[in-house]
Amino acid sequence: MKKTTIILFLYITAPIIMYAQKTVRYDLYVADTTVTLGGEDKRAIAVNGQIPMPTLEFTEGDTAEIWVHNNLDEETALHWHGLFLPNRYDGVANLTQTPIQPHTTHLYKFPIIQQGTHWYHSHFGLQEQIGMYGAFIMHKRKRWNIPTLNLILSEWTNMKPEEVLRSLKSANDWFAIEKGSTQSYGEALVSGNFWTKIVNEWKRMLPMDVSDVYYDNFLINGKNQIEEPQFKAGDKVRLRIANAGASDYFWLSYSGGKITVVASDGNDVEPVEVDRLIIAVSETYDVVVTIPNNKSYEFLVTPEDRTGSASLWLGSGEKVYAQKLPILKYFEGMKMMNDMMDMNGNMVEMEGMKMQNQEMDMNSVMYPEISGYDNGEEMNMDGTNHQQQQQQDIVTLNYGMMKSPVKTTLPKGPIRELKFELTGNMNRYVWSMNNKTLSESDKILIKKGENLRIILFNNSMMRHPMHLHGHDFRVLNGHGDYDPLKNIIDIMPMERDTIEFAASENGGDWFFHCHILYHMMSGMGRVFSYVNSPPNPDLLNPKVDLQRFFSEDREFHLMGRVGVESNGSDGEAMYSSTRWKLQTLWHLGYHAGHGYESETFFGRYLGRMQWWFPYIGFDYHYKKEGGPKNIFGSDEKNWFGQTSNKNNRKTVTAGIAYTLPMLFIADARIDSDGKFRFQFSREDIAITSRLRFNLMINTDKEYAAGFRYIITKYFSVSTHYDSDMGGGAGITLTY
């Protein structure tokens, strides 16, 4: 992959002097660029002609003066992740500022009153996915006297981020096909997991996954491989690491020995040695590694779904590779998921299990290096195999191991407790808190001087890195006065974690949200708002801006499927949002004997899992005699004994569809002629990794069944039999 170039020219127009009270100016010129990948030009956004954006460095006591020159043809805004600053400069488009208009300049100016490894990124739309991120380093006045490298981790997709989100909303499983993680019935049968698959779908769940999106490459400072050959045996190196990925967690491991964790989210922790750690989306860690010999040692970065990797090589000479992480055991994860989820889509908390602070990783059942290798290897007397025995003592960092070197107790003040349940619906890709999306909730009013204690329970099957703007919070992990400070907490499925922070700012609206970009854009967030806040001078029209901010998770997405086969055309088109859907279905024969049918309806999904869908619509059917013979005999009457009007019908309908166990849709309706219809159907049953099966039958004595073999994301070959149009074969286009 060619390096994605972001044209953002960086000028330092005042010298950086390492003492207090110095204004340090950066000029950032943001512009579009293109990257050629696979023979196609892909859009990126660039700063200073590089991806990631330039590293901005300051020292405690400096004043940051950052001029952003927006040379894009669209709006933008930059958020300074983890920084304490006046609310007007927090950089959340339409919440703390009106977006920077195309071809204009905006100033962010704030004092540097903290230290540590942080980063910055676009907080407008999906721009973060295509290059708008960079390191933001604030040095202590007295620095460590060892070499330091700044590392920005990220991922790259050849797909436009808008298309990524639309694909997630349409429950398209192309990403799973690319990852090799489809968990079809055929794969379940061959691997001995057929019953596991049945239970999974009986509980109306999709296949197990650990990340939503397939990525084409993984990057460290914009490259897949980085060489740092200047280090010698015995050297210690400090790595300042920020995960700027839009949706990927990364495993970090090192072939040269232990990794010493010394800071997280810009805050020092008592040094702790581990073999590996996972860094959540938007999280930062400072770690120290040692070069054991005069060789080149691999610092390996692996996405949680293990679909690739990126490497930093430290030292010169013979390469010493880190152990690659093996492919996940997805059906083991599916078994776990079956046990953890009840029939109503809720997580079942397991009695006696301490599910908090990453201390029990339920996903470890999928890690062959932890749970064992299913490769037929001969087992040892104690029930382990050789590789498992080697790996059983792996030390993995969790939040319970981190302790602040200084007291972090909150100032005296009233304590208010808030509880949030992290909720979601993978089938329609809706993410929420307490079953409400951001746009469906009110601001949470807080007062300066009070302390907020927040209890978070993850009632979903995905990890969520929850980020609080403008404040650090204490992660209550059993160290009492020395509980660590962070601004990101990774909450695994079924975990219940507690954080607390002091409402110490002078006002403003502060965003609290999941930092997986596509979860945030699908509704998982809240706004903490200080009462009696002064007007924000960077909001030009506060009411309009706030409406735009809340509208993001209500956006409608277009989806469709068109089959062109020898017996006619079947298809559907949907225009769908978080709760609402407008849909048209059609079945068009090539002559009147095959018939012409279309149904258009509009409705709203109800409930947390959105299994109920009441709707109203219009139904048109027309068919002459002479079509295929119906196996149920004459279709003059439906199965309710009513005279059928399906051969010449123009009628308004009202009904309700419900998602049954096994993901079948039961649809009951009545039309304006008083005719009832009940329909039972299911689309896209995964027979193999690429073969899909669908079927439908209703009380009008209509039925259909067919297969679709997926060639590309948008193109399939297909065949089906329809009671009106007979059998046929052709192609299906999916959007």
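The values are calculated or read from the model by the stated rules, or taken from the named source; none is laboratory data. Computed from a predicted structure; not experimentally measured. Don't worry about glycine lacking a Cβ; one is built from the backbone with ideal geometry, like all the others, and counts go over all protein chains shown.
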Checklist outcome for this item: Restricting attention to the stretch 280-328, the residues that are part of a loop (DSSP other than H, G, I, E, B), under 26 Å from the mean Cα position of the chain (by Cα) and small (Gly, Ala, Ser) number exactly 4
Item to check | Answer residue from the stretch 460-476, given it is in contact with a Lys or Arg (Cβ under 9 Å, 6 or more places away or on another chain) and crowded, with 24+ Cβ neighbours inside 10 Å and is nearest to residue 86 (Cα to Cα) among those | outcome: 473
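When you look at residue 480, is it more than 25 Å from residue 213 (Cα to Cα) and crowded, with 18+ Cβ neighbours inside 10 Å, yes or no?
no
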Next on the checklist: Restricting to the stretch 178-216, give me the number of residues that are in a helix (DSSP H, G or I), over 25 Å from residue 661 (Cβ atoms) and not acidic (Asp, Glu).
Outcome noted: 1
Checklist outcome for this item: Among 124, 136, the single one that is among the hydrophobic types (A, V, I, L, M, F, W, C), assigned to a loop (DSSP other than H, G, I, E, B) and under 30 Å from residue 308 (Cα atoms) is 124
Item to check | Test: residue 338 is under 30 Å from residue 236 (Cβ atoms) and not aromatic (Phe, Trp, Tyr) | outcome: no
Checklist outcome for this item: Of the residues in the stretch 703-735, those that are in contact with a strand residue (DSSP E or B) (Cβ under 6 Å, 6 or more places away or on another chain), of a type in the set (D, E, K, R) and under 14 Å from residue 568 (Cα atoms) come to 722
Checklist outcome for this item: Within the stretch 528-575, residues being in contact with a His (Cβ under 9 Å, 6 or more places away or on another chain) and acidic (Asp, Glu) number 3
Next on the checklist: Can you tell me which of (1) closer than 25 Å to residue 173 by Cβ; (2) part of a helix (DSSP H, G or I) is the one residue 574 doesn't meet?
Outcome noted: (2)
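For every residue, the table says whether it meets (1) more than 30 Å from residue 344 (Cα to Cα); (2) surrounded by 19 or more Cβ atoms within 10 Å (Cβ to Cβ); (3) in contact with a helix residue (DSSP H, G or I) (Cβ under 8 Å, 6 or more places away or on another chain).
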position: 186; (1), (2), (3): no, no, no
position: 195; (1), (2), (3): no, no, no
position: 210; (1), (2), (3): no, yes, yes
position: 219; (1), (2), (3): yes, yes, no
position: 225; (1), (2), (3): yes, no, no
position: 229; (1), (2), (3): yes, no, no
position: 233; (1), (2), (3): yes, no, no
Checklist outcome for this item: Picked from the stretch 700-735 (must be part of a loop (DSSP other than H, G, I, E, B) and either at pLDDT 95 or above or surrounded by fewer than 17 Cβ atoms within 10 Å (Cβ to Cβ) (or both)), the residue farthest from the chain's Cα centre (by Cα) is 711
Next on the checklist: When the residues of the stretch 679-696 are narrowed to those that are part of a loop (DSSP other than H, G, I, E, B) and not hydroxyl-bearing (Ser, Thr, Tyr), which ends up surrounded by the most Cβ atoms within 10 Å (Cβ to Cβ)?
Outcome noted: 687
Checklist entry - Any idea which residue in the stretch 161-180 is farthest from residue 712 (Cα to Cα), counting only those that are within 15 Å of the chain's Cα centre (by Cα) and of a type in the set (Lys, Arg)? => result 169
Checklist entry - Is at least one residue of the stretch 440-452 buried (at least 21 other Cβ atoms within 10 Å of the Cβ) and in contact with a Ser or Thr (Cβ under 7 Å, 6 or more places away or on another chain)? => result no
Checklist entry - Hey, among 644, 598, 577, which residue is in contact with a helix residue (DSSP H, G or I) (Cβ under 6 Å, 6 or more places away or on another chain) and surrounded by 13 or more Cβ atoms within 10 Å (Cβ to Cβ)? => result 577
Checklist entry - Considering only residues of the stretch 361-420 that are at pLDDT below 95, farther than 26 Å from residue 494 by Cβ and aliphatic (A, V, I, L, M), which is surrounded by the fewest Cβ atoms within 10 Å (Cβ to Cβ)? => result 381
